[in-house]
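Chemist: Please find one structure pasted underneath; my questions will follow.
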Amino acid sequence: MQDLFFNDKQSDGRAVYTVSRLNQEVRLLLENVYPLIWVEGEISNLSRPSSGHYYFSLKDQEAQVRCAMFRNTAIRLRFQPKDGMQVLVRARVGLYPARGEFQLIIEHMEDAGDGRLRRAFEELKHKLQREGLFDAARKRPLPVPPRRLGIVTSPTGAAIHDVLTVLRRRFPLLPVLIYPVQVQGEGAAEQIAAAIRLANERKEVDLLLVTRGGGSLEDLWAFNEEVVARAIYASEIPVVSAVGHEVDVTIADLVADQRAPTPSAAAEMISPDAGAWLMQLSRHQACLQQQQQRLLQRLRERLDWLHRRVQMQHPQRRLQDASQRLDGLQLRLEQRMRQRLRELTVRQQHAAQRLLQRSPAGQIKTRQDHVADLRQRLVLATRHRFQLCRQRLSFNAHRLDTVSPLATLARGYAVVRHGESGRILRDAGEVSPGERITAQLAQGELHCLVEATSKSE
């Protein structure tokens, strides 16, 4: 302990600490002595300022301790802490040096009841895993599609509504049989297990869906009971488990032949897409028709080939072939003569065209046409230039007229000047009764005597 009492300063040989140094030393001592520890207690004096941190006390019947949970830890909470809530926290022991307060820095918080349930969950999970209830080798493939689907769930819950909605959309022809059970509370696990056994006894479905909607760990606990796990394991009918949300994993999920993250996802997994089936059926039908057409075409070609062989061996057929060859030779000769005649005609036309192009009269006519075109373009350009000048002149005259004070006076306005100084008046307060003023109009001036003045509000 000698190192702890380090002297900040000496006064008559005595070790003297500042308050801040003492708090820092005590803080280091606490953090080194105590690792992360678990503490259970009741929340009181809870506050959450704008920073997002939580500040509260944990208490029992005899004592309390200050706690702090910083924002980066608080955002990972799956519930909203409240005063009076019994919680289990994992924390670091420390000291707040600014006030010298002993406190816990919270790294993790869970509902005390959830903590007990999670420990029970892990114990049952390890037990059933050792017995082989989770082995992948025993899991059976699902029938695709099932002939009849059995659903073990509450008939009034949101899960059955979601499942039936998806089934009506994807495969409305799938028969569904509902085994109504209680999905939470006392006796729920026994009802679920009994429904699974009943479905196996009746053998009226070839696939079972065990499902319910989301909720807390306590709400989902019926699906973490051993009786439900062993009923699913003993089922001769393949079982799909869809309990809660995607983050919720139950014992039933681990034992089932297939797990779905949500009831809707389970319905998607179980049911085939009717539209896809119809498209596949259409493709098969088209393929079958194509094969039939190809087979029929091959048979027709075979029959035609046999018919041609029979015809080729007949003497009349040979005479017809010879006559046809003669007709073909005659046609070829005629075509050749017509082609030669066309070639000579084209050569004669090309020669005449070249002679015409080189004629002086043609060149003169081309030049005359070019000169006439240039003359017309010059006339059009001159007219266009004159038009642009007129438009610009008119525009400038309009602008000049717009800014002219005479135009303003012509609209009924007047320029009022002081009778003596000649300055322009803009405010009635600039003259007094009895003074003279001059009002310049568009035509002439008015010399006036001020009788009274007033200002507008």
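Chemist: Taking the residues in the stretch 66-76 that are surrounded by 14 or more Cβ atoms within 10 Å (Cβ to Cβ) and either in contact (Cβ under 8 Å) with a residue 60 or more places away in the chain or closer than 18 Å to Glu110 by Cβ (or both) as candidates, determine which candidate is farthest from the chain's Cα centre (by Cα).
Modeler: Taking the stretch 66-76 first, the residues surrounded by 14 or more Cβ atoms within 10 Å (Cβ to Cβ) are 66-70, 73-74.
Filter again for either in contact (Cβ under 8 Å) with a residue 60 or more places away in the chain or closer than 18 Å to Glu110 by Cβ (or both), leaving 67-70, 73-74.
Values: Cys67: 40, Ala68: 37, Met69: 34, Phe70: 32, Thr73: 28, Ala74: 28 Å.
The residue in question is Cys67.
Chemist: What single numbered condition from (1) under 23 Å from Gln191 (Cβ atoms); (2) in the same structural domain as Arg259 (by TED's automatic domain parsing); (3) in a helix (DSSP H, G or I) fails to hold for Lys125?
Modeler: Failing condition for Lys125: (2).
Chemist: Right, here's the next one. Which of the strands (runs of 3 or more DSSP E) contained wholly in the stretch 401-457 include at least 1 residues that are loosely packed, with under 10 Cβ neighbours inside 10 Å?
Modeler: Once the strands (runs of 3 or more DSSP E) in the stretch 401-457 are filtered for at least 1 residues that are loosely packed, with under 10 Cβ neighbours inside 10 Å, what remains is 445-449.
Chemist: I'd like the full set of residues that are part of a helix (DSSP H, G or I) and exposed (fewer than 14 other Cβ atoms within 10 Å of the Cβ), limited to the stretch 30-65.
Modeler: Asn32, Val33
Chemist: Determine if the stretch 229-244 includes at least one residue that is farther than 23 Å from Thr165 by Cα, of a type in the set (A, V, I, L, M, F, W, C), at pLDDT 85 or above and touching a strand residue (DSSP E or B) at 6+ places or on another chain (Cβ under 8 Å).
Modeler: yes
Chemist: Okay, next question. Can you find a residue in the stretch 155-165 that is touching a residue at least 60 places away in the same chain (Cβ under 8 Å), surrounded by 12 or more Cβ atoms within 10 Å (Cβ to Cβ) and touching a Lys or Arg at 6+ places or on another chain (Cβ under 7 Å)?
Modeler: Checked against the condition, which is being touching a residue at least 60 places away in the same chain (Cβ under 8 Å), surrounded by 12 or more Cβ atoms within 10 Å (Cβ to Cβ) and touching a Lys or Arg at 6+ places or on another chain (Cβ under 7 Å), the stretch 155-165 yields at least one hit.
Chemist: Which of the following residues is under 22 Å from Thr156 (Cα atoms) and in contact with a Phe, Trp or Tyr (Cβ under 6 Å, 6 or more places away or on another chain): Ala222, Ala242, Ala195?
Modeler: Working: Ala222 fails: in contact with a Phe, Trp or Tyr (Cβ under 6 Å, 6 or more places away or on another chain); Ala242 fails: in contact with a Phe, Trp or Tyr (Cβ under 6 Å, 6 or more places away or on another chain).
Of Ala222, Ala242, Ala195, the one residue that is under 22 Å from Thr156 (Cα atoms) and in contact with a Phe, Trp or Tyr (Cβ under 6 Å, 6 or more places away or on another chain) is Ala195.
Chemist: Say whether the condition of being in contact (Cβ under 8 Å) with a residue 60 or more places away in the chain, in a helix (DSSP H, G or I) and surrounded by 17 or more Cβ atoms within 10 Å (Cβ to Cβ) is met by at least one residue in the stretch 177-191.
Modeler: No, the stretch 177-191 contains no residue that is in contact (Cβ under 8 Å) with a residue 60 or more places away in the chain, in a helix (DSSP H, G or I) and surrounded by 17 or more Cβ atoms within 10 Å (Cβ to Cβ).
Chemist: Sticking with this structure for a sec: For residues that are within 18 Å of Pro97 (Cα to Cα) and not β-branched (Val, Ile, Thr), tally how many sit in the stretch 58-73. Step through it out loud before you land on a result.
Modeler: From the stretch 58-73, those within 18 Å of Pro97 (Cα to Cα) are 65-70; that's our starting set.
When the remaining residues are screened for being not β-branched (Val, Ile, Thr), the result is 66-70.
Count: 5.
Chemist: So, one more: List every residue pair whose Cβ atoms sit under 7 Å apart, with the two residues 6 or more apart in sequence or on different chains, where the first one lies in the stretch 360-373 and is of a type in the set (Phe, Trp, Tyr) and the second, anywhere, is modelled with pLDDT under 80 and surrounded by 10 or more Cβ atoms within 10 Å (Cβ to Cβ).
Modeler: If the second residue must be modelled with pLDDT under 80 and surrounded by 10 or more Cβ atoms within 10 Å (Cβ to Cβ), no pairs are left.
Chemist: Shifting gears a bit: With Val239, Val243 as the choices, which residue is among the aliphatic types (A, V, I, L, M) and under 16 Å from Pro141 (Cα atoms)?
Modeler: Numbers: Val243 fails: under 16 Å from Pro141 (Cα atoms).
Step by step, each of Val239, Val243 is checked, and only Val239 is among the aliphatic types (A, V, I, L, M) and under 16 Å from Pro141 (Cα atoms).
Chemist: Determine, yes or no, whether Thr402 is free of Cβ contacts under 8 Å to residues at least 12 places away in the same chain, among the β-branched types (Val, Ile, Thr) and within 30 Å of Ala439 (Cβ to Cβ).
Modeler: yes
Chemist: Conditions first: (1) under 30 Å from Leu173 (Cα atoms); (2) modelled with pLDDT under 85. Val255 passes all but one, so which condition is the exception?
Modeler: Val255 satisfies every listed condition except (2).
Chemist: Checking the structure you have, find out if any residue of the stretch 99-120 is farther than 23 Å from Leu36 by Cα, loosely packed, with under 14 Cβ neighbours inside 10 Å and not assigned by TED's automatic domain parsing to the domain that holds Ala267.
Modeler: First, the residues of the stretch 99-120 that are farther than 23 Å from Leu36 by Cα: none.
No, because not a single residue in the stretch 99-120 is farther than 23 Å from Leu36 by Cα, loosely packed, with under 14 Cβ neighbours inside 10 Å and not assigned by TED's automatic domain parsing to the domain that holds Ala267.
Residue by residue, here is whether (1) touching an Asp or Glu at 6+ places or on another chain (Cβ under 9 Å); (2) modelled with pLDDT under 85; (3) not assigned by TED's automatic domain parsing to the domain that holds Gln443 holds:
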{"position": "Cys389", "(1), (2), (3)": "no, no, yes"}
{"position": "Asn396", "(1), (2), (3)": "no, yes, yes"}
{"position": "Arg399", "(1), (2), (3)": "no, yes, yes"}
{"position": "Val403", "(1), (2), (3)": "no, yes, yes"}
{"position": "Val415", "(1), (2), (3)": "no, yes, no"}
{"position": "Ile424", "(1), (2), (3)": "no, yes, no"}
{"position": "Glu430", "(1), (2), (3)": "no, yes, no"}
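The values are calculated or read from the model by the stated rules, or taken from the named source; none is laboratory data. This is a predicted model, so every value here is computed, not measured. Every residue, glycine among them, receives a Cβ derived from its backbone with ideal geometry; neighbour counts consider all protein chains shown.
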